[in-house]
Amino acid sequence: MKFNGKGLVLFAGRWLPSLVGLLGLLGFTPGVVSAQTLEVINEHYLIEAKYDKGQAYAGNNLGLKITLKTPANQVVPNDKVLKLARYVAPYESNIEIELVGDPERNTRDGYDQVINNFQVKIPQGTEPRAYKIKLKFQYEANDTTVDRELDLVVGERMNSKLVITAGDSEPFIAGSLVPYTLNLQNDYRDYTINIHEIRITSVPAGLIKSVSLGPIGDVKPEIDARTNTISFRPFLSIRQVDKEILPLELEIGSMSTTNWIKGFGESSKLVFDFEYDDSNERTITLPPQEAAVKIRPSDGTLLGAMFVGVIIGTGLKFYLEYLREKGVINRKGVAVFVAVTILVGLVITVIAWAGQIQIIAFKDIHLSYDRPVVIFIIGLIGALGGVHYLNSWAKKYLPHESPPPKET
């Protein structure tokens, strides 16, 4: 099929957007059909191989053209005339190659061309790497053959080969700046990865307020504070089967009312969206990767919750005792009672907090000691119930007013 200029524009306008969208869903930007020039056999021939690298992935059938070019104004001597005689698929794979139809002959751009069309079948599960296709060119005047190799660079569109290998395990403190070491590994056997962007979000949303990262060698990252996206210009490279360490600094969001009650839970995650290329004209944007993190309130927040719980518990306990024994204890006794109640409440709270002791009243409920509301409840219960065990001690040592004598 031939296109004139108008027809080509109409075809591109109708089908190109759909093709771009389809490739985007597959994880690739549209590939570039570029020519690979093979090693020269003689001075009369230029041999090129063309295929769309964006379509060279496991589970796909790939179109391949092997073109023999000779200058249109030159006559090739009979003993120098070449043809493609044989082709051999890569030995270490299940890739298949099949010639489609007879060779095409035409003249274009000042060259006489002989075009051999192939279909390359790349099975599912084929490892993304560079494979060698062996081509045998034969002199038509005799049986002499010359071998040449073509690089078939197979890519990946299902599983990311840029993987997170580890991250910091220390809990993050809410409302603080924390270091986070992001360890990345290039799992490609033959390709260098070039990272263009890393976008950092979280589950639940809003845990990360800002991200900062210093220069990595000669590469200076740019950070979009609105989206927490790190851009590398031109890119950050990781060689094949190699690692890169990114020392990030994260600003953790302050605690919300929900966090005070529920804490941060055990399912908090950092989410990383990567955009990178595999050095073969393929830009890859696959589903994000996650790294589990633990976030907890600051010690000051927990201590504040404990003191508030103890003070409120002390007030309630004293008020109840005051109503029950109104006028029985004097001012000094009140002071001792309050002091002892606060002390016992604090001691019980600290013991429960530090020793992770289960509260009998909540034995069927799983409570997390990194929730301020739990520490508050422990302090409240410690103040209300702890003095119960000191009642006998208090009755013995607290001064009491003698009851009025009974009338006879």
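Matching residues to (1) closer than 30 Å to ILE245 by Cβ; (2) of a type outside the set (Gly, Ala, Ser):
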{"site": "ILE122", "(1), (2)": "no, yes"}
{"site": "GLY125", "(1), (2)": "no, no"}
{"site": "ALA130", "(1), (2)": "yes, no"}
{"site": "GLU156", "(1), (2)": "yes, yes"}
{"site": "THR181", "(1), (2)": "yes, yes"}
{"site": "GLN185", "(1), (2)": "yes, yes"}
{"site": "TYR191", "(1), (2)": "yes, yes"}
{"site": "ARG199", "(1), (2)": "yes, yes"}
{"site": "SER210", "(1), (2)": "yes, no"}
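Residue check: VAL88 meets all listed conditions (1) open to solvent by less than 70 Å² (accessible area, probe 1.4 Å); (2) of a type in the set (A, V, I, L, M); (3) closer than 15 Å to ASN61 by Cα but one, namely (3).
Select from the range 32-51 the residues that are open to solvent by 40 Å² or more (accessible area, probe 1.4 Å) and in contact (Cβ under 8 Å) with a residue 60 or more places away in the chain and list them in ascending order.
From the range 32-51, those open to solvent by 40 Å² or more (accessible area, probe 1.4 Å) are 32-33, 35-37, 39-40, 43, 46, 50; that's our starting set.
Hits for the range 32-51 are VAL32, GLN36, GLU39, LEU46.
Of all residue pairs spaced 6 or more apart or on separate chains, those with beta-carbon atoms under 9 Å, a first member in the range 52-68 that is under 15 Å from GLU98 (Cα atoms) and in contact (Cβ under 8 Å) with a residue 40 or more places away in the chain and a second member that is in a helix (DSSP H, G or I) and not hydrophobic (A, V, I, L, M, F, W, C) are ASN61/GLN55; LEU62/GLN55; GLY63/GLN55.
The values are calculated or read from the model by the stated rules, or taken from the named source; none is laboratory data. All values reported here derive from a predicted model rather than from experimental measurement. So basically every Cβ, Gly included, is an ideal-geometry build from the backbone, and we count neighbours across all protein chains shown. All accessible areas refer to the heavy atoms of the entire protein, side chains included, with ligands and DNA or RNA removed. Shrake-Rupley method; radii C 1.70, N 1.55, O 1.52, S 1.80 Å.
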